[in-house]
There are 2 protein chains.
Amino acid sequence: MRVLGVDPGLTRCGVAVVDGLPGRPCKLVHVEVVRSDPDMDLSLRLLKLDRRLAEVVAEHEPESAAVERVFSQHNVRTVMGTAQAGAVAILAAARAGLPVQMYTPSEVKAAVSGNGNADKAQVTAMVTKLLRLEVAPRPADAADALALAICHVWRGGARERLGAALRRAR
Amino acid sequence: MRVLGVDPGLTRCGVAVVDGLPGRPCKLVHVEVVRSDPDMDLSLRLLKLDRRLAEVVAEHEPESAAVERVFSQHNVRTVMGTAQAGAVAILAAARAGLPVQMYTPSEVKAAVSGNGNADKAQVTAMVTKLLRLEVAPRPADAADALALAICHVWRGGARERLGAALRRAR
């Protein structure tokens, strides 16, 4: 199961691809942070992110996508850019025919660390350990994108096991 | 000068195309409201809007786009969907190579009615008059998209006249 994880942001957008099966260690396929200058025209920033996401999807061929669900209680200026970058990520996945699942930050933190209130350092440490990386992914946006993809592998697997159990029970 | 105007929304997105020159009456080329069911998956809602916008751009070939600038002081749940739909509109225009300009609701109202605090009925009445329509465009999202396009024709024209005057002065 190959998953695209996106931690949306206009200035820094974490993009990760992970291979894995529920209950098994996941494997890092790709990770990067797509950056754009706050002084750039918004349409060109969204276009840059869209193009890079399309390239990553074409190159690594994920089967599904996980995108962080944006909340509105954050800083009001930031949240608009995050919502816009998130829309571009969701659309890029949908255009490529991938099913898209959204997760809250708490769900992702709980999935990778067992603690929905884990801080950034804990998430980065767990992602490094779970993927058996020699170097911790930096910046936090990269680690968050990996955590989203891992969360989706495990959650997706849980749903698939549930579906299989239900089919057997019928 | 042919302009695409988009009043972004997830449930109802106003889309208009208008021909015109600054200081002359504008002409309606196309207007519609793209709707999507709030029960639909978000990725499919964004995809539907993206596809329809691409079709409108391909069919009517506008030279530039005007999209309403989303503000965060509105209802918090609505504003996220509006920001997401706005990002899809901005991206659709950028993908087609169109320059995109954003306008606040007050700028648009002031441009078409002379009053930045005009209500929906006043905007609809002015759009109907300016485009010499026999029937008022409905719903308000359609009128707002037309108002955005008219605003952009006139503002763009003002900028071009200013540019021409500056060139002559040099």
Legend entry - Within segment A:38-133, helices (runs of 4 or more DSSP H) holding 2 or more residues that are in contact with a Ser or Thr (Cβ under 8 Å, 6 or more places away or on another chain): A:42-60, A:76-95, A:120-130
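Looking at A:Val67, A:Val6, A:Val57, which one is out of contact with any Asp or Glu (no Cβ under 6 Å at 6 or more places or on another chain), modelled with pLDDT of 95 or more and surrounded by fewer than 24 Cβ atoms within 10 Å (Cβ to Cβ)? Walk me through it before giving the result.
Working: A:Val67 fails: surrounded by fewer than 24 Cβ atoms within 10 Å (Cβ to Cβ); A:Val6 fails: surrounded by fewer than 24 Cβ atoms within 10 Å (Cβ to Cβ).
The unique qualifying residue is A:Val57.
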Inset, instruction - Kindly indicate whether A:Thr11 is under 28 Å from B:Phe71 (Cβ atoms), polar (S, T, N, Q) and within 14 Å of another protein chain (Cβ to nearest Cβ). - result: no
Inset, instruction - Tell me which residues, restricted to segment A:92-120, are within 10 Å of chain B (Cβ to nearest Cβ), more than 14 Å from the chain's Cα centre (by Cα) and crowded, with 20+ Cβ neighbours inside 10 Å. - result: A:Ala94
Inset, instruction - Output the number of residues of segment B:83-117 satisfying the condition of being in contact with a Lys or Arg (Cβ under 7 Å, 6 or more places away or on another chain) and touching a residue at least 12 places away in the same chain (Cβ under 8 Å). - result: 4
Legend entry - Filter result for A:Leu146 (surrounded by 23 or more Cβ atoms within 10 Å (Cβ to Cβ), within 14 Å of A:Ala16 (Cβ to Cβ) and within 14 Å of chain B (Cβ to nearest Cβ)): no
Inset, instruction - Take A:Met80 and decide whether it is free of Cβ contacts under 8 Å to residues at least 12 places away in the same chain, within 14 Å of another protein chain (Cβ to nearest Cβ) and within 25 Å of B:Asp50 (Cα to Cα). - result: yes
Legend entry - Some residue of segment B:43-53 being closer than 20 Å to A:Val67 by Cα, of a type in the set (D, E, K, R), in contact with a helix residue (DSSP H, G or I) (Cβ under 7 Å, 6 or more places away or on another chain) and facing chain A (nearest Cβ under 9 Å): yes
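Restricting attention to segment B:16-42, which residues are small (Gly, Ala, Ser) and within 14 Å of chain A (Cβ to nearest Cβ)? Don't jump to the end; show me each part of the working.
We begin by selecting, within segment B:16-42, every residue small (Gly, Ala, Ser); these are B:16, B:20, B:23, B:36.
Hit for segment B:16-42 is B:Ser36, nothing else.
The values are calculated or read from the model by the stated rules, or taken from the named source; none is laboratory data. No experiment lies behind these values; they were computed from the predicted model shown. Note that we place each Cβ from the backbone using ideal geometry, even for glycine, and neighbour counts take in every protein chain shown.
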